[in-house]
1. Compute the relative contact order of segment 184-327 as a whole-number percentage, counting only Cα pairs closer than 8 Å that sit 6 or more residues apart in sequence.
2. Using only Cα atoms, find the angle between the long axis of helix 250-266 and the longest principal axis of the chain, and express it within 0 to 90 degrees, rounded to the nearest 10.
3. Over the chain, what is the mean sequence separation of C-alpha contacts under 8 Å (at least six apart), divided by residue count, expressed as relative contact order in percent?
4. So if R0 is 25 Å, what FRET efficiency would residue 325 and residue 224 give, r being the distance between their Cβ atoms, rounded to the nearest 0.05?
5. May I ask for the equivalent-ellipsoid semi-axes of segment 75-121, computed as the square root of five times each C-alpha gyration tensor eigenvalue and listed largest first in whole Å?
6. Take the Cα radius of gyration of segment 255-382 and divide it by 2.2 N^0.38 Å, with N its residue count; two decimals is plenty.
7. For residue 248, which lysines qualify as cross-link partners when the Cα separation must be under 29 Å and same-chain residues fewer than eight apart are set aside?
8. Where does the chain land at 222 nm, in deg cm²/dmol rounded to the nearest 500, when only DSSP H runs of n ≥ 4 count, each adding -39500 (n - 2.57), divided by all residues?
Amino acid sequence: MTTATPPPVAPAGDHHDLAIALFAVIVLVTLAITLWVGRRGSAAEDFYAGGRDFTPLQNGFALSGDYLSAASFLGVAGLIALYGYDGVLYSIGFLVAWLVVLMLVAELVRNAGRYTLADVLALRLRRRKVRAAAGGASVVVTLLYLVAQMVGAGSLVALLLGTNSGEARTWTIVAVGGLMIVYVTVGGMRATTWIQIVKAFLLIAGSVLLTVLLMVRFHGDVAELMRQAAQHSGAGQRYLEPGLKYGKSVTSRIDFFSLGLALVLGTAGLPHILSRFYTVPTARAARRSTMWAIGLVGGFYLMAIALGLGATALVGSAEVRHANAAGNTAVPLLALVLGGGNGSTGGVVLFALISAIAFATILAVVAGLTLASSAAFAHDIWAGAWRDRPRRRRRRRAAVPAARTGRGDGGERQEVWVARIAAVGIGAVAIALSLFAQQLNVAFLVGLAFAVAASANLPVLLYTLFWRRFTARGAVWSVYGGLVPAIVLVTFSPVVSGSKVALFPGVDFHWFPLENPGLISIPLGFLAGWIGTLTSPEPADPDRFAELEVRALTGAGAA
């Protein structure tokens, strides 16, 4: 019978040197990709959509790379290591979300849009306010996600390098922020996509390696793995049953449902995921990309379940929690044990390798988020809303589409430059916010990003694609009707005040009992769009909806 090994501790000395060397290799490789790809084109289509010439398999890897962040690689396995069955439940929402993307938006968004979510809306709702609202919501979602990734990067890399100093976290955040600015400003979507492909390959390969080693350790006996995990979890059989984390009260159960709703629906509204559908030439390729992503993401989460159980069985929940309260070091600690344990060459190499893959994961995800955010600002807010304003006063309605889309070499070049400048500005803001928040509990930011995406972006996208009567007022109300409540409810929730793990533990001004606002803010987004449409003084234009419907379903006239 396989038993737990003595509790591992992170190896020192050679481990740190090897980890730093592998980090440096990853940085050099990604920079080389960026510089090589950045020379191949500077047009808007290259910067925003990578030239639209990626294959479904390539884009499937890039989609999974965008989606599988460090939170997925380390956080999900950590939750399973600490909470067993409830951790598995948490991972299900991430996987089921892809079915929503596949069935409802993948092909339609690729046919109806150009570069961003707002392009889909603007095809039938040609208003500056619609573009500004959709672009602003996209910037908020990506910035929330970005700050969470960068703060996690600072804590994670500092921990894996064997130090918990604030200075190490600070320099890690600054370095990651600087790299992401270089990736986006120099390479655009083409470089970001190739970085995602490399990262996804490394992530899947690393997960397969650990899973194979784990199964060899237990001789392929999954039942024995689960028994050992329960034995070393500190909770006994309760580890394999629901309720260890989310079943303590009615409120916690409702909160879990709210979180699951945000995760399942939020993916279809994440700007950096939607922008991936424009990097392939056709809608059929977009659907095939999503199918590849579902297979890769599904396989990954199955391995994450095994790795979480393995960390509990071989390391122990207590030791995982001692190393990191959130369980983020469960996978590296498992790698150390599977490689041979403390002091062994195999353990040091495998620990450093998994740490380097986690670092590559962070770099790739922040690059994709920064690109999506800068595209939303430059293409939607600056070119679609602000720059278009004076032109509307001087030109007739027939000339609006050309001005709106920025067609023409001069307009597109100018827009790309604005996007590059926006990437620098957004990166600087993200670095500043991350430095301010590095001592705080920012785990809620990821869930909040999904909740905002599901509340503000998904309702307006579905209404635009499927509701004939939907109007511009309904679109604006839908975006703000989901965005504002989500932010307000989180501000007055237990994650900000009223508990020891809150952002401001010394004060208590919370009145909303749930940590995730999705259960309330998502229906409000749909309700606001419906009310805005019914009270709109101008009826919907049936010709524009017909144009959208034909393009979305057939691809006729698609970019």
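The values are calculated or read from the model by the stated rules, or taken from the named source; none is laboratory data. No experiment lies behind these values; they were computed from the predicted model shown. Here the Cβ positions follow ideal geometry from the backbone for every residue, glycine too, while neighbour counts run over all protein chains shown. Heavy atoms of the whole protein, side chains included, go into the accessibility calculation; ligands, DNA and RNA do not. Shrake-Rupley method; radii C 1.70, N 1.55, O 1.52, S 1.80 Å.
1. On the way: 71 pairs, mean separation 54.3, N = 144.
It rounds to 38 percent for segment 184-327.
2. Compared with the principal axis, the helix lies near 50 degrees.
3. Working: 1038 pairs, mean separation 159.0, N = 559.
Worked out over the chain, it gives 28 percent.
4. Working: r = 29 Å, r/R0 = 1.14.
Plugging the Cβ-Cβ distance into 1/(1 + (r/R0)^6) gives 0.30.
5. Values: eigenvalues 228, 23, 7 Å².
Equivalent ellipsoid of segment 75-121: 34, 11, 6 Å, largest first.
6. Values: Rg = 18.9 Å, N = 128, 2.2 N^0.38 = 13.9 Å.
So segment 255-382 has a normalised radius of gyration of 1.36.
7. Counting by Cα, and skipping residues close in sequence, residue 248 has these lysines nearby: 500.
8. Values: 25 runs with 379 residues, N = 559.
Estimated from H runs of four or more residues: -22000 deg cm²/dmol.
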